[in-house]
Structures are given as C-alpha cells and as structure tokens.
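Everything below concerns the one structure shown next.
No value in this document is a laboratory result; all are computed from the given coordinates. Everything numeric here is computed off the predicted structure, so don't read it as measured data. Every residue, glycine among them, receives a Cβ derived from its backbone with ideal geometry; neighbour counts consider all protein chains shown.
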Amino acid sequence: MSRFKKGKGKGTPGISTASLPDIVFMLLFFFMVATVMRQNTLMIENKLPMANQVEKLDKKDLIIYIYAGKPSSQYKSTYGSEARIQLNDKFADVSDVKAFILAERASKREELIPFLTTALKVDSETNMGLVGDIKQQLREVDALKINYTTRKGDVQGNFNN
Amino acid sequence: MAKRDAPEVNAGSMADIAFLLLIFFLVTTTIEVDSGISRLLPPMQPPEEEPEIIKQKNIFQVIVNRTDQLLVEDQLMGLSDIKEATKKFIDNGGGVGEDACSYCQGMRDPSSSDNPSKAVVSLQNDRETSYKMYISVQNELVAAYTELRNEYAERTYGKSYEEILTEFDKVYLGKNDKLKEQIEDIKKKYPQIISEATTKNN
C-alpha cells in the first residue's frame, strides 16, 4: 500500500520550460517585423517640414535618399554651420549628387530602374537654393521622380517655433 | 511525512498565450513609412526645341520671395488664402469651343483659365526662400487640387476622391476595375499641373 505514495515529497518540481522556445520565437518575430534598419547615420539636423497632402513611400528598395541640412552640433566645428548635403554616411558637394545617383542606379536591378524615386529629406530651415541645385543635378541625370519627404501635420505647424 | 510537492504548473497553454501575444503585436505595430509630396521634375530640354507656348491666362503664377512672402498673380497673399485662389483659378472653366469645360463650377471668367487640363500652376522661388515655406505652399497647391477632385467625385460618384482611394486600397486586386476607372476619370478631369520653375538667381 505504501508503494503508491513513494513518489511524493521530493522537493519542489521545476517549472516546465517547454514553452520557453515559443516565447523566444515570439520576441524574435516581433523584433524582426518591427525593426526598421537605419541605413545612414545622420550628420545633419533633419527636422522635416510638415504637410498633410502626402503620399506614402512604400517599397523601400526603390528609394534613393538624399539628406540636406545644417551640420549637427558635433560636426559644426569641422564643417561650419552652412547647410550641406549628406549622401550615405558623408558630407558631399552638389557636384557629387550626379555620381551618387548613377552609382545607386547601377546597384539596382535593371527592371527596377524606371521606378526609382529620389526622396529629398531636407531640414525645414534650409534655403531653397541648395534644394534647387539638387533638383537641377537630378534633372541632368534624368532622375525625375522625386519626393519631398515630410512629417504628417498641418502646414501652420511649420511656423510655430 | 516529508516535504510535499507543489503541483506542477500546466504549461500546455503557454504556446497559445505566446501566439496570442505575437498576433497582437503583429496587428498593432505600425512600421514607420516615410511619406511626402511626390513631384515629377521636368526633363532637360534639348537646346534646339522651342518651349511650348502657354497662354498667359492659363498660367497661375505663384512667387515666393526671399523673405518668404507670397505673390500670387501679382497680389500679395497669405498662406491661408492661396488654396481658395488656386481652386478658383483651376475650376474657372472660361474656355469656349473645344476648350470648354462642362464640369467646372467656377466663375467662367474669360480672363482666367480655360480648362483644368490647360491650367498651369507655376511656382517660382528665390534661392533664399526657406524650405519649410516652399513645402507649405506646395502642400496648399496640392490641397487645392485634392479638394477639387473631392468635389467632382462627390458630384459624379457620390463619394469623395479620398474615399475612393481608400476603398481602392482595400479591395482585392482584379475586383477594383470600376474604382480604377473612377480614379482615372477624376485624375483626367483635374490633372495636377504644377510647374516648378528653376530657381531664380537674382
């Protein structure tokens, strides 16, 4: 009769860890989905202007990014406070834009080339002179589809600061 | 009697909970998508080609100067008024004969634009113009077109252009021919013709 009670009374059993893989996978999936890889470290101030008549820019592989704005505080001493263009991870001149677009274009698959869009991420305090120069360069290499990247919001928000 | 066992926790449903959480996060997380105002730059013009001549009355001139002031058709204007002025210009429909516009709701002033498909909004800026002002003006111009398209769609199809667009995104591919047709029609009736002139150097 005592045989049936033998198993009991042997310390606390461990909590089952059978579902641990599930939890880990869940976290993994979550981060995989939610993470947006940042391609470029910004060396400039980049406070985008606001607009509400916007279109979405999905298909990230079809977008070439050009950043412009004043160098951020840690680069001010080296590069001055005049608005500059940033291509990939370094500052660039207006004359570099053409070569950059051509290089980016060469790295894409051929059938995608007609659909490439250039996203201009320009700080709201920049002068149009620089933007105009970039646009002129883009026209010269026939990269005509552009997108002025903005934040969502009312235009009045651009002027309250 | 020695120590007594704690009853084992049933972990069978743990996986279900995990999946539930996974699905919850999948549904609620929005991955940040960039958005902005899309524009098509004019192609470089071959030097021997003559630029197309557009009638003066079909051009709506918007100039943003170096101190971010707006000059619209030679009148100083605030940012909040430009949308109405643009709408009035585009929807004027003053044309006669083959330029006539049957769906326009405007004043039909013969000295303003003939037809929305002829009306050109020309946006000029100075090198010193600030980017935020430029984008704000662009935004207002696009807003004028969107409102006209909305009004037209409301009259013709009983729902606004933006509603049609969101519906178009929801419907399965292959079943949206009718919506596509409507969108094409609206775009044809009010084509967005905004010309960004090259920056003035003086």
Problem - For A:Met43, B:Met44, order by how many other beta-carbon atoms lie within 10 Å, fewest first - result: B:Met44, A:Met43
Exercise for the section: Counting other Cβ atoms within 10 Å, keep those with at most 15, restrict to DSSP loop, and tell me which chymotrypsin sites (Phe, Trp or Tyr not before Pro) in region B:68-133 are left. Expected result: B:Tyr103
Completion exercise
Most fluctuating of A:Pro49, A:Pro114, A:Pro13 in the GNM of chain A (C-alpha, under 10 Å) is A:Pro13
Problem - Distance in nm between pseudo-label sites at A:Ser73 and A:Glu55 (7 Å out along the Cβ direction from Cα) - result: 3.9
Exercise for the section: For region B:59-196, just say rounded, prolate or oblate: build the C-alpha gyration tensor, square-root its eigenvalues into a ≥ b ≥ c, call rounded for a/c under 1.5, and beyond that prolate if a/b exceeds b/c, oblate if not. Expected result: oblate
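If each residue of separation counts as 0.36 nm, what is the full-extension length gain between B:Val33 and B:Glu162 once their alpha-carbon separation is subtracted? Show your work: numbers first, answer last.
Values: separation 129, 0.36 × 129 = 46.44 nm, distance 1.93 nm.
Taking 0.36 nm per residue and subtracting the Cα distance, the gain is 44.5 nm.
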Completion exercise
Note: probe point = Cα of B:Asp185 + 7 Å toward Cβ; backbone nitrogen < 16 Å; residues of region B:78-102 passing the test are B:102
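Here are some pairs, A:Lys60/A:Lys121; A:Lys76/A:Lys135; B:Lys57/B:Lys88; which of them have Cα atoms lying more than 19 Å apart in this structure?
Values: A:Lys60/A:Lys121 14 Å; A:Lys76/A:Lys135 25 Å; B:Lys57/B:Lys88 13 Å.
In this structure, A:Lys76/A:Lys135 lie more than 19 Å apart at Cα.
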Handout entry: Eligible lysines near B:Lys159 by straight Cα distance, threshold 20 Å, same-chain separation 8 or greater
Key = B:Lys87, B:Lys170, B:Lys175, B:Lys178, B:Lys180, B:Lys187, B:Lys188, B:Lys189
Practice task
Just flag the GluC sites (Glu not before Pro) in region B:38-114 sitting in loop per DSSP whose Cβ has no more than 16 other Cβ atoms within 10 Å.
Solution key: B:Glu48, B:Glu49, B:Glu52, B:Glu73
